[in-house]
Amino acid sequence: MRIDTTLIEKDLLVSGERAVRAEKSGLDAVWCTETGLDVFLQAYEVGRQTETVQLGTAIAVALARTPMTVAYSAWNIADVSDGRFTLGLGSQIKAHVERRYSMTWDRPVGQMREFVLALRAIWDSWRTGERLEFEGERYTHTLMSPFWAPRSHDHRIPIHLAAVGPKMLEMAAEVADGIILHAFTNPSYLDEVTFPAIERGLAKAGRTLDDIEISIPMFMAMGDTEEEVVQKRREVTAQLAFYGSTPAYRPVLDAIGYGELQPELTSLSKSGDWDRLAEVVPADFVDHFAISGRPEEMPDLARKHLGTRADRTSSYYGWPVGEPDRLNAIFEDFRQEN
């Protein structure tokens, strides 16, 4: 299992500095996010400041953009990073697409599928010089003169799709190079919903799990003392309660018998009573989603929690470890066979 880090920053310069530290500490990949920054600017900064670590977006909101705009950004970052870039895309949810981005929300699974196919058609045109001819239900790309084509390169750009629901999971398994699962998940949901949907999609495409990469970020409540672990578990509980307030994520709660909790969490979030969110979840709630302990315990705990389901993982809140040698030893442990 490869071990990555995710940048949740609002400062481009800090992002670059963190990426350099991640590279030096021996992490496998740095994933950029849309948390107040343009994710492609952040990825460009990471690509420019690092030399060997893999990088990607986890995720870029596809339905807030067009395939052409994303194609340019991804192509240029792959060029700058000498082929170290993976394009991670997600649909987001209806409220954000319509009310934050002022874009339309209509059959997102089909739209995401077409988005991926359009991207590959655009890149093939740039790579081969052949005429661009992509015509779908939602996207049409039929105009590309040499003046508008970017500088040529041969770097392959893997496309990973974020997915939670069974329909999006099945589609992603059929057309994407990898799947980015949400940290807000649990072994029951993975076994009952996630992987059956992935298997259906793979079967449609005549593929197996060996043909795609599965990434499962994790909530790791870490600390060197019991007090530090308890404090981090409080933070994790609050974040889990926030995710649980999203109606679209109710099936994740249903899988562990807590579906009835979702309406109460939603009501509290709508009223802005953020402090009470974490107070209403049961004491054992966090253990369905998170692992807790010292940093050195995380590799074994992650393997027990995820089994062989994940090709790569990351710690949602980063690592509270400053010593490079200590971090390197922990990350190397992640890569050991079960």
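Rounded to the nearest 10 degrees, the inclination of helix 261-270 to the longest alpha-carbon principal axis of the chain is 70 degrees.
For the stretch 86-92, backbone phi angles converted through the Karplus equation (6.51, -1.76, 1.60; θ = phi - 60°) give residue-by-residue couplings of 10, 8, x, 10, x, 7, 6 Hz, Gly and Pro being listed as x.
Taking a straight Cα-Cα cut-off under 14 Å and skipping sequence neighbours fewer than 8 places away in the same chain, the aspartates and glutamates within cross-link reach of LYS94 are ASP106. When peptides 141-149, 96-104 are sorted by average Cβ neighbour count within 10 Å, with the highest value leading, the order is 96-104, 141-149. Over the C-alpha trace of the stretch 179-271, radius of gyration and Dmax come out as 16.2, 50 angstrom. The C-alpha atoms of the chain define a longest principal axis, and helix 67-80 lies at about 80 degrees to it. Fully extending the segment from ASP210 to VAL280 would add 21.1 nm, taking 0.36 nm per residue of separation and subtracting the current Cα-Cα distance.
For the stretch 265-305, the mean projected area of the C-alpha convex hull, equal to one quarter of the hull surface, is 3.8 nm². In plain terms, if you count all Cα to Cα distances in the stretch 213-338 and split them into 10 Å steps from zero, the share in each step is 12, 39, 32, 15, 2 percent. Size estimate for the stretch 85-214 follows the Kirkwood approach: the inverse of mean 1/r over distinct Cα pairs works out to 16.1 Å. In terms of its C-alpha gyration tensor, the stretch 18-171 has an oblate overall shape, because the principal axis ratio a/c (a ≥ b ≥ c, square roots of the eigenvalues) is not below 1.5 and a/b does not outweigh b/c. Packing around the peptides 127-139, 285-297, 53-65, taken as the average count of other Cβ atoms within 10 Å per residue, puts them in this order, highest first: 53-65, 285-297, 127-139. Rounded to whole numbers, the Karplus 3J(HN,Hα) couplings from phi for the stretch 275-287 are 5, 7, 3, 6, 6, 8, 7, x, 5, 8, 4, 4, 6 Hz, using 6.51 cos²θ - 1.76 cosθ + 1.60 with θ = phi - 60°, and x at Gly and Pro. For the stretch 1-53, the Kirkwood estimate of the hydrodynamic radius, built from every pair of different alpha carbons, is 10.7 Å.
Computed packing ranks the peptides 308-317, 200-209, 327-336, 26-35 as 26-35, 308-317, 327-336, 200-209, most packed first, by mean other Cβ atoms within 10 Å.
Under 5 Å between amide hydrogens, built in the peptide plane, is the criterion, and for GLY259 it picks out ASP254 among residues at least 5 positions away or on other chains. Take every DSSP beta bridge whose two residues both sit in the chain; close to 5 percent of them are antiparallel. Taking the 0 to 90 degree range and rounding to the nearest ten, how far is the long axis of helix 108-128 tilted relative to the main principal axis of the chain, both from C-alpha atoms? Computed tilt is about 50 degrees. Could you list log10 I(q)/I(0) for the chain at q = 0.12, 0.14 Å⁻¹, which the Debye formula gives when each Cα is one point scatterer? Each listed q maps to, in turn, -0.89, -1.23.
Residues in the stretch 196-265 average 46 Å² of solvent-accessible surface per residue, probe 1.4 Å, ligands and nucleic acids excluded.
Counting 0.36 nm for each residue step from THR142 to GLN231 and taking away their Cα separation leaves a gain of 26.6 nm. Using a 1.4 Å probe over the heavy atoms of the protein chains, calculate the carbon and sulfur portion of the accessible area of the chain as a whole percent. Carbon and sulfur: 49 percent of the exposed surface of the chain.
The values are calculated or read from the model by the stated rules, or taken from the named source; none is laboratory data. These figures come from a predicted structure and were not determined experimentally. In this analysis, Cβ positions are derived from the backbone assuming ideal geometry, glycine residues included, and neighbour counts consider all displayed protein chains. Please note that ligands, DNA and RNA were not included when accessible areas were found on the heavy atoms of the full protein model with its side chains. Shrake-Rupley method; radii C 1.70, N 1.55, O 1.52, S 1.80 Å.
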